[in-house]
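Everything below concerns the one structure shown next.
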Amino acid sequence: MAKQSDLLVSKIGIIGAGVSGLAALKQLSHHAPVVFEASDSLGGVWKTCSYHSTKLQSPRCDYEFADHPWPNRDDPSFPSHDEILDYLNSYAERFDLFKYIRFNSKVVEVQFIGDRETSEFTSKYGSLLPGQPVWKVAVQTDHSDTIQWYALEFLVICMGKYGDIPKIPNFPINRGPEIFIGKVLHSLDYCKLDREAAAQLLKGKKVAVVGFKKSAIDLALECAQANQGPDGQPCTMVVRTVHWTVPHYWVWGLPFFLFFSTRFSQFIHERPNQNLPKALLCLLFSPMRHVVSKFIESYVLYKLPLQKYGLKPDHPFLEDYASCQMAIMPENFFPQADKGKILFKNTSKFGFFREGLEFEDNTKLKADVVILATGYDGKKKLKNILLEPFCSLLEYPYGVMPLYRGTIHPLIPNMAFLGYIESVSNLHTAELRSMWLARLVDDKFKLPTVEKMLEQVSKEIEIMKRTTRFYKKKHCISTFSINHSDEICEEMGCCSWRKNNLLSEVFSPYGSQDYEKLE
């Protein structure tokens, strides 16, 4: 049984020191928050869920804090995960954030000790800093058997949806990994291997990688690179759902941002709270959504041999973009497939047999190693620490977490969530939401009623439902991200138009630098 120490009192607590946690910490640092980080370093998934080949999927200038640009921000190459960790550490050092972070401090339980009734669906949300603790947080430090309890007025959850708890597919009885004589691991386990151990695992082995998103693609490429030469074995990707990939951020000579990331481009996409003129304009331009999607698809099919390998999705590109499913394809991926080092098996269901995998068409694949790049269970990670009645409210009433401005759950008091709704640039979105949250904590504006907040969330979710079939897989605002930022700015009392002139305002992409000095 774990030992319990005396209760420590603090005003604000932040769980997680990844990108979202750092953004929240910087903006709330004037309240001297305490940050609980389970690992021994900051960075979140960039530290714990990255392969040796993992890189950012966007240019540096699209992934930076507003007041801390990359030193080489014009470098067109995508930075490696090590470079990103260096960048995040330099950010923490520059703004003296390390003094607030308690490393090797894992939150194991969160208890509500306030007196607010959860049934007040139409009441005002209340003050974020009520003057007395409303949450108790149990923290296990340095893997010891001692539990330290903290009492907090306000809690910010920045654990993220990725890492920690792997998502494992369900298998029929007697067709699960337990009957396989080879080695089965999740991509999370692979991330923990050093370079030599990873190469040893893959080299000369028949490897099956289950998945076709970014982590699976990178893993298959590493497997192919470890198996060069005549004795090298091919890696087989087991593809259950095909999603669109793009070779780079140019389409027929035009920059990708022109299609989705400018104010003009977002006129063709539906967005919440449109007034009548904007709604009519959106309706007028609605055929352009199909045209843009087909235009991008034509280029992708021209540049990548998706049809050759049976990897052409049967849904429009827009649906993947609207659900943040799109991935950048490494330039040397298909050359390895052309050499026979990467093979593909399309199937919706699979199971194990003694020597490998068996598919729904009754074909079999012999394997020595099976790696499940099947994602992470971020919901379970949250539910493991948050007690009732709030645990049941995490996805109520829409089936996805209802976060107002991507931050506040209207039915859970004195708590904020960052990093659970995705966008074009998650770092930029986390920072802007943190700015909004800090001003809210400082009582510079008030939240609407719980009913109004739920209504706003409902509008966003309904737009996603009409835009993409994958809206439950990733809660994503990419098609109306500028509108989302505009509404955040307006609620803070800041000007939402951030450019120097009308031409830039309409046709230039928006990024973190546009929000450096909010006025």
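The values are calculated or read from the model by the stated rules, or taken from the named source; none is laboratory data. Values in this document were obtained by computation on a predicted structure and should not be read as measured data. Virtual Cβ from ideal backbone geometry, glycine too; neighbours counted across all protein chains shown. Note: areas computed on protein heavy atoms with side chains; ligands, DNA, RNA excluded. Shrake-Rupley method; radii C 1.70, N 1.55, O 1.52, S 1.80 Å.
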In segment 90-234 the accessible area split gives carbon plus sulfur, as whole percent at 1.4 Å, a share of 48
From the Cα centre of segment 37-80 to that of segment 355-434, the distance in Å is 21
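Leaving out ligands and nucleic acids, and using a 1.4 Å probe, what accessible area per residue does segment 181-310 come to in Å²?
Each residue of segment 181-310 exposes 48 Å² on average to a 1.4 Å probe.
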Each label sits 7 Å from Cα toward the beta-carbon; between ASN104 and ASP6 the label points are separated, in nm, by 2.3
Whole-percent carbon and sulfur contribution to the accessible surface of segment 305-345 (1.4 Å, no ligands, DNA or RNA) stands at 50
Counting only residues 5 or more apart in sequence or on a different chain, those whose built amide H sits under 5 Å from that of MET237 are VAL209, LEU343, PHE344, LYS345
In whole Hz, the Karplus estimates of ³J(HN,Hα) for segment 239-244 (6.51, -1.76, 1.60; θ = phi - 60°; x where Gly or Pro) are 9, 8, 9, 8, 10, 5
Result for segment 348-440: accessible area per residue, probe 1.4 angstrom, in square angstrom, of 32
Long-range amide H partners of LYS167, meaning residues 5 or more apart or on another chain whose placed amide H is closer than 5 Å, are GLY375, TYR376, ASP377
Heavy-atom accessible area per residue of segment 8-114, all protein chains kept, 1.4 Å probe, expressed in Å², is 40
A correct Karplus calculation of ³J(HN,Hα) over segment 154-161, with 6.51 cos²θ - 1.76 cosθ + 1.60, θ = phi - 60°, whole Hz and x for Gly and Pro, returns 8, 10, 10, 8, 10, 6, x, 8
Whole-percent carbon and sulfur contribution to the accessible surface of segment 357-508 (1.4 Å, no ligands, DNA or RNA) stands at 49
Summing -39500 (n - 2.57) over every DSSP H run of at least 4 residues in the chain and dividing by its residue count gives a helix-only mean residue ellipticity at 222 nm, to the nearest 500 deg cm²/dmol, of -9000 deg cm²/dmol
Ignoring ligands and nucleic acids, HIS428 exposes an accessible area, probe 1.4 Å, in Å² to the nearest 10, of 20
One checks the Cα atoms of segment 431-519 and finds Rg and Dmax, in Å, of 14.7, 39
Rounded to the nearest 10 Å², the 1.4 Å probe accessible area of PHE267 is 60
Averaging 1/r across every pair of distinct alpha carbons in segment 25-67 and inverting yields a Kirkwood hydrodynamic radius, in angstrom, of 13.1
Residues whose modelled amide H sits under 5 Å from the amide H of ILE147, counting only those 5 or more places away in sequence or on another chain, are LYS3, GLN4, SER5
Going residue by residue through segment 257-268, the Karplus relation 6.51 cos²θ - 1.76 cosθ + 1.60 with θ = phi - 60° gives ³J(HN,Hα) values, rounded to whole Hz and with x marking Gly or Pro, of 4, 4, 8, 9, 10, 10, 4, 5, 5, 7, 5, 7
Rounded to the nearest 10 Å², the 1.4 Å probe accessible area of LEU8 is 70
Ordering HIS315, HIS143 by the accessible surface of their heavy atoms, 1.4 Å probe, largest first, yields HIS143, HIS315
Convex hull around the C-alpha positions of the chain: the volume in Å³ per residue is 164
Expressed in Å to one decimal, the Kirkwood Rh of segment 268-368 from all distinct alpha-carbon pairs is 17.2
Sorted by number, the cysteines in the chain with no other cysteine beta-carbon under 4.7 Å are CYS49, CYS61, CYS158, CYS191, CYS282, CYS391, CYS495
Expressed in angstrom and rounded, the centroid-to-centroid distance over alpha carbons for segment 138-184 and segment 464-503 is 32
Ratio for segment 1-51, C-alpha Rg to 2.2 N^0.38 Å, reads 1.36
Quotient of Cα radius of gyration and Kirkwood radius for segment 95-243, i.e. Rg/Rh, equals 1.13
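May I ask you to list, by number, the DSSP H helices of the chain whose Cα span along the axis is at least 30 Å and whose average Kyte-Doolittle hydropathy reaches -1.0 or more? List each step's numbers first, then the result.
On the way: long enough: 276-303 (40 Å, 0.74).
Membrane-span-like by this criterion, though nothing is claimed about a membrane: 276-303.
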